[in-house]
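Report on one structure; see the data block that follows.
Quick note: the coordinates plus some simple rules give every number you see, no bench work behind them. All values derive from a computational prediction rather than experimental measurement. Using ideal geometry, Cβ is built from the backbone for each residue, glycine included, and neighbour counts are taken over all protein chains shown.
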Amino acid sequence: MLNPLPSYGVTHTDKNKIHLDTGEILIDGMASWWSAIHGYNHPTLISAIHQQSNIMSHVMFGGITHAPAVELCKKLITITPETLDRVFLADSGSVSVEVSIKMALQYWISKNEHGKNKLMTANKGYHGDTFAAMSVCDPINSMHSMYRGFLPEHIFVDAPKAKFGDTIDQDELETLESAFAAHHQQVAAFIIEPIVQNAGGMNFYNPAYLSKLRQLCDKYDVLLILDEIATGFGRTGKLFACEHANIVPDIMCIGKALTGGTMTLSATLTNEKVAIGLSEGEAGVLMHGPTFMGNPLACAVACASIDLLFENDWQAQIKRINTAMGALKRCESLNAVNNVRILGAIGVVEINAAVDVAKIQRFFITKGVWIRPFGRLIYIMPPYVTSNDDIELLADAIYQAIDQQAY
Ligand code: PMP
């Protein structure tokens, strides 16, 4: 992305700190967009990459497999919800979404159901920057709307309205069902980010919406794709956000925190029904084979990152951060603040005007924190190793930025 905003030079990172070439040391509130869950330069992760690089940095994954990929797939099958027992390794979150869409389309092509060639999705979604992924992002407000004319057209339903923790209105669920009833014959899959629509507004929505989606997908013969790229690996308080609704998708995309934010890797998991179904068609296999698929360095560090997550008792880490983030609630006393919402290790302060990103970032740097707001949202999702004192400093910087109108 070409970025007109100023870029700050980073010399190095260290635990939950980002060091600028101008000397400032910043407490990281972003975990490099959800990914650096163990903080930076973790010795276990560095050592996994070093060890693997002595053995094999890369080898083509066509007609070849290797221990780090096999071990990673086994771990993923173990930790993801039951029935997701087939894994496709891809190279970024967006590509794992492309793969999920291709899986769904190929599944119906293999069944000679050529009419099921559209996707259904909710407004305010965000699924990545590649073409199929862009086609299921919010059609109006996403940063991709200028490409609309080049994208395949899909069916959009209202974004989930009922908030996490509120009760859901039956009307909302009935409207969703009407959309399924009207369109299911042309729909291959419904795709959505479970529980948190992040780039679409950091909305935490009601798990009942997801349960209803699972029910409707079963009733109307539509596959369910969940994009857990941001929410996976504990961030919302469950290992995967779909667990808030006790549902399992047919296809699940993961990325970001998969390697603890160290290397680019993603995965698309599916169940036996889809894996067998799509392989019964003419092509026989999924038509996707990226050069760096199953990169051994990325697989090795992903294995180490998953082990670390459990060794560090991620549930206790998230609980502690969730409590410490209560400090953000102080912002509610400020007139400019619409609301403060916290889920797992995600904290969001919504204000009543759009921020000037360059201006507020300059302010945050003077306060020693790295936070990158967008629109009316100032939000943090720090590494899980962030201390309570550092969370307090992040919350205080946000309070001061709003109080001093530094936006
Ligand atoms: N889906 C979601 C929910 C995301 O948050 C992102 C990344 N912001 C993506 C997909 C795309 O992932 P990547 O940037 O790794 O391509």
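Can you tell which of Asn339, Asn322, Asn206 shows the greatest fluctuation in a Gaussian network model of the chain with Cα springs below 10 Å? Fluctuation is largest for Asn339.
Relative contact order of the chain, taken over Cα pairs closer than 8 Å and 6 or more residues apart, is 24 percent. Here, P(r) means the percent of Cα pairs in each 10 Å bin from 0 to the largest distance; for segment 56-115 it is 17, 39, 34, 8, 1.
Estimated translational diffusion coefficient (Stokes-Einstein, Kirkwood radius over Cα pairs, 4 °C, 1.567 mPa s) of segment 6-139: 69 µm² per second. Across Thr386, Thr291, Thr11, mean-square fluctuation computed from a Gaussian network of the chain (C-alpha pairs under 10 Å connected) peaks at Thr11. On full extension, the segment bounded by Trp33 and Ala162 gains 43.9 nm, given 0.36 nm per residue less the C-alpha separation.
With both labels modelled 7 Å from their Cα along Cα-to-Cβ, the Thr44 to Lys273 distance reads 3.6 nm.
Of interest is the spacing of the C-alpha centroids, which for segment 101-124 and segment 1-58 amounts to 37 Å. Spin-label model, Val70/Arg330: points 7 Å from Cα along the beta carbon direction are separated by 5.4 nm.
How large is log10 I(q)/I(0) at q = 0.18, 0.19 Å⁻¹ when the Debye formula is applied to the Cα atoms of segment 160-256, each weighted equally and without solvent? Listed by q, the Debye log ratios stand at -0.81, -0.90. Hydrodynamic radius of segment 255-371 by the Kirkwood approach over all distinct alpha-carbon pairs: 18.7 Å.
Given their separation in residues at 0.36 nm each and the Cα-Cα distance between them, His183 and Asp129 gain 16.8 nm when the chain is fully extended.
Within 13 Å, Cβ to Cβ, of Glu172, how many net charges do the neighbouring residues add up to if Lys/Arg are +1 and Asp/Glu are -1? Once all neighbours under 13 Å are counted, the net charge is -3.
Comparing Asp313, Asp390, Asp158 in a Gaussian network model of the chain, where Cα atoms under 10 Å apart are tied by springs, the biggest mean-square fluctuation is seen for Asp313.
In a shell of Cβ-Cβ distance under 14 Å around Ala48, excluding Ala48 itself, what net charge do Lys and Arg (+1) and Asp and Glu (-1) give?
Numbers: positive: Lys75; negative: Glu71, Asp307, Glu311.
Neighbourhood net charge equals -2.
Need one number: convex hull volume per residue for the chain, Cα atoms only, in Å³.
139 Å³
By the count of other C-beta atoms within 10 Å, a proxy for reagent exposure, His38, His66, His288, His50 are ordered fewest to most as His50, His288, His66, His38. Once the Cβ-Cβ distance of Gln405 and Met146 is raised to the sixth power relative to R0 = 35 Å, the FRET efficiency obtained is 0.65.
The alpha carbon centroids of segment 254-308 and segment 383-407 are separated by 36 Å.
Arrange the following residues from fewest to most other Cβ atoms within 10 Å of their Cβ: Ser211, Ser178. Each step should come with its number before you reach the end.
Numbers: Ser211 17, Ser178 11.
Fewest to most other Cβ atoms nearby, the residues stand as Ser178, Ser211.
Counted residue by residue at 0.36 nm each, then reduced by the alpha carbon distance between them, the extension gain from Glu174 to Val10 reaches 54.0 nm. Taking a sphere under 15 Å around the Cβ of Met143 and counting the other residues whose Cβ falls inside, with K and R at +1 and D and E at -1, yields a net charge of +1. Across bins of 10 angstrom width beginning at 0, how are the C-alpha pair distances of segment 129-183 distributed, in whole percent? Distribution as computed: 20, 37, 33, 10 percent. Among Met381, Met103, Met60, Met263, the ranking by other beta carbons within 10 Å of each residue's beta carbon, starting with the fewest, stands as Met60, Met263, Met103, Met381.
For segment 72-218, the extents of the C-alpha atoms along the principal axes are 40, 38, 32 Å, listed from largest to smallest.
Convex hull of alpha carbon positions in segment 73-159: directionally averaged projected area 6.9 nm².
Remark: spin-label model distance Glu282-Ala353 equals 6.0 nm, labels positioned 7 Å along the Cα→Cβ axis.
Against the empirical 2.2 N^0.38 Å (N residues), segment 320-373 has a Cα radius of gyration ratio of 1.19.
Within the P(r) computed for segment 213-274, what percentage of the Cα pairs occupies the region above 14 Å?
The proportion of pairs with Cα distances above 14 Å equals 58 percent.
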